[in-house]
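K.L.:
This is the structure I want to talk about, given as structure tokens.
The values are calculated or read from the model by the stated rules, or taken from the named source; none is laboratory data. All figures in this text were calculated on a predicted structure; none of them were measured in a lab. Ideal geometry is used to build each Cβ from the backbone, glycine not excepted, and the neighbour counts take in all protein chains shown.
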There are 2 protein chains.
Amino acid sequence: MGTTTKSLKLLDHFSAAQPEIGLSSLARLSKRDKASVYRSLNELAELGFVEQNRHTKRYRLGPTVIRLANVREATVPIKDAVAEPLAQLVSAVRETAHVTLLNGTGLIVAEFCQSRHHGTRVEIETADILPLHATASGCAIMAFADPGLIDRVLSAPLQSITQNTVTDPALIRSKVDDARRIGFGLSDGEYESDVCSMAAPIFDPNNDCIGAVSVACPKSRLDTELKFQIRENLKPAARAISSACGGQVPPTLEEIWKLNDPT
Amino acid sequence: MGTTTKSLKLLDHFSAAQPEIGLSSLARLSKRDKASVYRSLNELAELGFVEQNRHTKRYRLGPTVIRLANVREATVPIKDAVAEPLAQLVSAVRETAHVTLLNGTGLIVAEFCQSRHHGTRVEIETADILPLHATASGCAIMAFADPGLIDRVLSAPLQSITQNTVTDPALIRSKVDDARRIGFGLSDGEYESDVCSMAAPIFDPNNDCIGAVSVACPKSRLDTELKFQIRENLKPAARAISSACGGQVPPTLEEIWKLNDPT
């Protein structure tokens with residue numbers, strides 16, 4: 001692993017649940033010695049990637065990441081582009097929806113829209129990296145991204161997140177095959193035990209699957225009617241979001257959706 | 001310069017004006033050889049900090065920066081915190097306002113609010129790094145941050161951005177002294193030749209000046225009445241934003257504002 005990678009990997013440990021981390025903890029989490037972590041942190045602090053809380057002496061992410069995200073949004077304006085289709089989807093299905101982007105073998109939440117229609121709803125945490133094997137979005141993406149992706153995902157040890165998480169590579173391949181057949185990825189309590197999700201892939205101008213749009217709802221609420229509603233409303237959402245990203249849902253997937261159309 | 005710093009410095013070249021950069025251009029911009037820039041880019045791409053546009057082969061910022069900005073916002077929620085006071089400020093003065101954060105010897109735009117009251121208005125570019133010596137925000141921050149900051153700023157060569165930009169260290173010190181005396185930083189066409197700005201510093205829980213809130217308007221519109229309006233409305237904005245950041249405007253600055261109070 002190169003020096004840059006080692007330093008930048010430190011940033012992976014910061015999350016909404018763990019926004020500030022001390023030097024010793026970072027050394028332990030990264031399995032590196034304190035002196036070299038300290039050198040990395042000094043370099044990262046100098047560039048504004050981290051900053052030290054003067055009170056607690058712990059480190060947190062710094063202002064540079066705000067600028068970089070602003071540049072990225074100006075370059076590939078996903079937040080703005082997905083806001084409207086996401087709001088329409090949520091208004092139609094009355095459940096929380098979100099858009100994730102593929103990043104290596106993980107998922108980043110680009111944007112979400114909360115449903116305000118029920119007392120209980122799924123909360124989306126935008127600061128987390130989501131695993132592909134345990135999410136409906138990941139399933140949809142593995143089904144429609146380049147075939148090498150699923151191999152890369154399955155080549156690493158897979159974490160069991162809930163008692164429902166599928167970690168057996170053969171079973172994951174079979175779930176992805178299902179997703180390829182019906183045109184949607186599904187998760188049945190695999191990331192949070194009481195949450196079900198359905199996701200459709202989204203595409204960029206190169207026809208690459210770059211992410212997914214997903215609806216998540218409490219398991220208790222997912223009846224046949226809601227399943228139908230979610231499936232039917234994910235299609236226009238995936239079309240609109242792909243189109244806002246300069247791409248389109250490929251004809252092969254449109255065909256799959258049509259074949260499985262109950263009407 | 002360390003390897004990590006060299007690699008991360010590459011990210012500085014990306015901006016809204018230059019969102020995608022090819023390998024040769026990056027080598028030229030960073031004054032490094034192509035082979036080593038290529039290695040850096042590969043490492044950065046592996047971690048999602050950059051991605052390659054398959055069509056153009058040029059590089060752009062990657063999705064990782066979105067996640068990092070989400071974590072930062074969950075840790076230090078500046079965008080959410082400043083939205084309301086910024087909107088109130090804009091509604092009162094009917095001109096564009098923005099909040100900047102100090103990052104090393106540069107400024108990052110955390111959030112802005114556009115005025116919709118005039119046909120001509122100042123547009124804020126959130127993807128740029130703003131220089132301290134040429135902005136009202138920078139002037140306000142140098143006046144109220146730790147005294148070492150102005151020395152660090154003046155130790156580097158200062159770029160002349162418009163014909164009004166002050167680059168003489170002695171004159172900058174005198175401008176900063178003025179800001180310390182009146183409690184506001186001013187820019188008279190120093191960053192954009194036809195734009196005037198006035199800024200008040202904002203403070204964190206450690207009483208450190210971490211940034212500024214600024215109103216920018218076309219020079220042609222800045223009469224005595226508007227100057228008065230901006231100054232009087234920057235005070236409550238700086239108080240509210242500091243308070244939303246967990247800090248407060250220090251009594252010494254409140255005293256300065258009171259002394260200069262025309263009423």
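K.L.:
Name every residue in region B:3-40 that is within 23 Å of B:ILE108 (Cβ to Cβ) and over 26 Å from the mean Cα position of the chain (by Cα), in order of residue number.
P.N.:
Within region B:3-40, just B:SER40 meets the criteria.
K.L.:
When both residues are 6+ apart or on different chains and their Cβ atoms are under 7 Å apart, which pairs have a first residue that lies in region B:46-58 and is within 11 Å of B:LEU23 (Cβ to Cβ), and a second that is part of a loop (DSSP other than H, G, I, E, B) and acidic (Asp, Glu)?
P.N.:
Within 7 Å, the pairs are B:ARG58/B:GLU20.
K.L.:
Could I ask something else about it? Would you mind telling me which numbered condition in (1) in contact with a Gly (Cβ under 9 Å, 6 or more places away or on another chain); (2) within 12 Å of chain B (Cβ to nearest Cβ) A:PHE144 fails?
P.N.:
(2)
K.L.:
Just wondering, is there one or more residues in region B:178-185 that are touching a helix residue (DSSP H, G or I) at 6+ places or on another chain (Cβ under 7 Å), at positive phi and modelled with pLDDT of 95 or more?
P.N.:
yes
K.L.:
Could you tell me whether B:LEU132 is surrounded by fewer than 22 Cβ atoms within 10 Å (Cβ to Cβ), under 18 Å from the mean Cα position of the chain (by Cα) and at pLDDT 90 or above?
P.N.:
No; evaluated as a whole, the condition is false for this residue.
K.L.:
Quick one: is B:VAL93 touching a residue at least 24 places away in the same chain (Cβ under 8 Å), over 28 Å from A:ILE124 (Cβ atoms), in the same structural domain as B:ILE241 (by TED's automatic domain parsing) and touching a Cys at 6+ places or on another chain (Cβ under 7 Å)?
P.N.:
The answer is no for B:VAL93.
K.L.:
On the basis of being free of Cβ contacts under 8 Å to residues at least 24 places away in the same chain and assigned by TED's automatic domain parsing to the domain that holds B:SER160, does B:SER187 make the cut?
P.N.:
Numbers: free of Cβ contacts under 8 Å to residues at least 24 places away in the same chain: no; assigned by TED's automatic domain parsing to the domain that holds B:SER160: yes.
No; evaluated as a whole, the condition is false for this residue.
K.L.:
Among the charged types (D, E, K, R), facing chain A (nearest Cβ under 8 Å) and surrounded by fewer than 18 Cβ atoms within 10 Å (Cβ to Cβ), is that true of B:LYS34?
P.N.:
It is false that B:LYS34 is among the charged types (D, E, K, R), facing chain A (nearest Cβ under 8 Å) and surrounded by fewer than 18 Cβ atoms within 10 Å (Cβ to Cβ).
K.L.:
Which ones in region A:48-78 are part of a strand (DSSP E or B) and more than 7 Å from every other protein chain (Cβ to nearest Cβ)?
P.N.:
Listed by number, the residues that qualify are A:VAL50, A:GLU51, A:GLN52, A:TYR59.
K.L.:
Moving on to the next point. Quick check on region A:107-123: of everything there that is over 10 Å from the mean Cα position of the chain (by Cα) and β-branched (Val, Ile, Thr), which residue is surrounded by the most Cβ atoms within 10 Å (Cβ to Cβ)?
P.N.:
A:VAL122
K.L.:
Just to check your reading of the model, which residue among A:ALA17, A:ALA81, A:ALA45, A:ALA27 is among the small types (Gly, Ala, Ser) and either within 30 Å of A:GLU225 (Cα to Cα) or within 7 Å of chain B (Cβ to nearest Cβ) (or both)?
P.N.:
After ruling out the rest, the residue left standing is A:ALA81.
K.L.:
Starting from region B:199-228, take each residue that is in the same structural domain as B:PHE144 (by TED's automatic domain parsing) and touching a residue at least 40 places away in the same chain (Cβ under 8 Å) and list its partners that are among the aromatic types (Phe, Trp, Tyr) and part of a helix (DSSP H, G or I), counting only C-beta distances under 7 angstrom and pairs at least six apart or across chains.
P.N.:
These pairs meet every condition: B:PRO201/B:PHE144; B:CYS209/B:PHE144.
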